[in-house]
Every structure is written in structure tokens, then in C-alpha cells.
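Since every read-out is calculated from the coordinates, none of them should be taken as a lab result. The model shown is predicted, which means the values in this text are computed figures rather than measured ones. Ideal geometry is used to build each Cβ from the backbone, glycine not excepted, and the neighbour counts take in all protein chains shown.
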Amino acid sequence: MAADAEPLEILLHLPLLCEDKNVPYVFVRSKQDSEDFSHPSPDSMDFPIITRSQVLLKLMKLKRTSIAPFDIPVDLNKAFSDASLTFIFNKITMSGQYPQNWEKVFITPIFKKGAPCNFTSVRRVAMTPIFSKIYKSFIAGCPKTCNLHKIDPQRFGNIPKYSASHYLVSFRDKILKHLDEPEHWVNLIAIDLKKAFDLICHRTVIRKLLTNFNVDL
């Protein structure tokens, strides 16, 4: 199935029909590329293929509280969106063109402290379109999964099957082991960066991943 094939309405139904009939299929960038992919292999594909079953699994986990006001209702997404989204996701990956409507953000201000009328006194909770969240979860998971062996084993944040509780247990164990040694003590310095995520330069992060850690993005 080529990303530049038309009409789109027909292509949206093909993944569903193929999976219902157990017929293998593959997405390619263009009609010209399809001639070279008559017998595709994993090594020949330079982009991740998202399957309908993967999309359906993500949709089944959706909660009504996870969608923005401008999103399609959760029940409709679970019932009808898996086949269409599978095609759209793969076409975005192959074409490199991201829907502008998926960049919209719905912001809910939550009061923290200070004067209620002051903009700096609220925490801005942003909600992006649910389709955008699902697609980005696939794309973000590819390099992370392939490069987990390069990550410090003492890191627990944003790692599958790990949480802050694992970090606290590991941290406490390290302190206690150190204190068991004679004439040893522990100095602890904790740093909390204000709006840390807003201060991250994504260009710097990507450059370090490519140069210092040789991460394949």
C-alpha cells in the first residue's frame, strides 16, 4: 500500500480487509517503491510499521478523561477508528507530513499559589488531540525500546515497568549500605528545577543522543 496512492477513501478500508482475511500487507512511501517491496524484509524497511492490532490496543486503553474537548468521543474511537488510524499513522511516518490540526493544544489553568488573577499563579495543563498522543507514543517507543541497553541501569524514570518507587528503594539501599561501613556518613543534596520540562532544549538532547550515546533515532 503506497502512501501516494488514491483515492484515500478506498485505502482506508484495505488494512481492515487484509487483516480480516489474514492477507499480509506492507506500507511503502510511493508507488515506485512498491516495485522494490514485493518481498519485503525487516532490514529493508527504514520506518516502523504500525499494525491495526497495536492501534486497537491503544484505543482500548483510552479513558474518557484523557481526551480533549475537540476530540471524537472515546466510545466512537474504540468502535470505528482502528483501521483508519492505522493507515493514517503509517502514511504520516512515510510522508513526513504531520497534520496541523493535531498540533492544537487545549490548556486548563489550575491555581497553585499567589494572586488568582496573576498568570504566573496557575499551572498550565495542556491537552493535545488524542490521535496525536497515540501516534507519538508509537514513535517515541521505537528508539527507546531499541536503545534500552544503552541507558544507565540506575535510571528509573520513563523506563518500562519501573517507577519512582523502584528509585526510592534503590536509593535507600545504597544509603544504608554506605552507612554500614565504619566511619562513613552521607551528605544528600536534592535539586528541583522549576519548570524543568520547559527549559529543555530538544535540539541539544537530540545532538547528545546522536553524538555521545550513538542512539539510532
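Given a cut-off of 26 Å, name the pairs among K112/K161; K61/K104; K133/K161; K61/K136; K63/K161; K61/K91 whose C-alpha atoms lie farther apart than that in the structure shown. In this structure, K112/K161 exceed 26 Å between Cα atoms. Distance between the C-alpha centres of the stretch 156-213 and the stretch 81-136: 28 Å, rounded to the whole angstrom. Ranked for footprinting exposure by Cβ neighbours inside 10 Å, fewest first, L188, L168 give L188, L168.
What FRET efficiency comes out for H202 versus V125 if R0 is 22 angstrom and r is the Cβ-Cβ distance? Round to the nearest 0.05. For R0 = 22 Å, the calculated efficiency reads 0.60.
For M127, the residues 5 or more places off, or on other chains, whose built amide H falls under 5 Å of its own are F106, I107, T108. Here, the stretch 149-217 is characterised by an Rg to Rh ratio of 1.07, where Rg is the alpha-carbon radius of gyration and Rh the Kirkwood radius. A simple rule links phi to the HN-Hα coupling: the Karplus curve 6.51 cos²θ - 1.76 cosθ + 1.60 with θ = phi - 60°, which for the stretch 82-94 gives 4, 5, 5, 5, 4, 5, 5, 4, 5, 5, 4, 4, 6 Hz, with x for Gly and Pro.
Shown in residue order for the stretch 126-131 are the 3J(HN,Hα) couplings computed by the Karplus curve 6.51 cos²θ - 1.76 cosθ + 1.60 at θ = phi - 60°: 9, 10, 9, x, 5, 5 Hz (x for Gly and Pro). In this structure the amide hydrogen of V122, modeled in the peptide plane, comes within under 5 Å of the amide hydrogens of K112, none closer than 5 places in sequence on its chain.
Near the amide H of A2, within less than 5 Å, lie the amide hydrogens of V28, all on another chain or at least 5 residues away, with H placed in the peptide plane.
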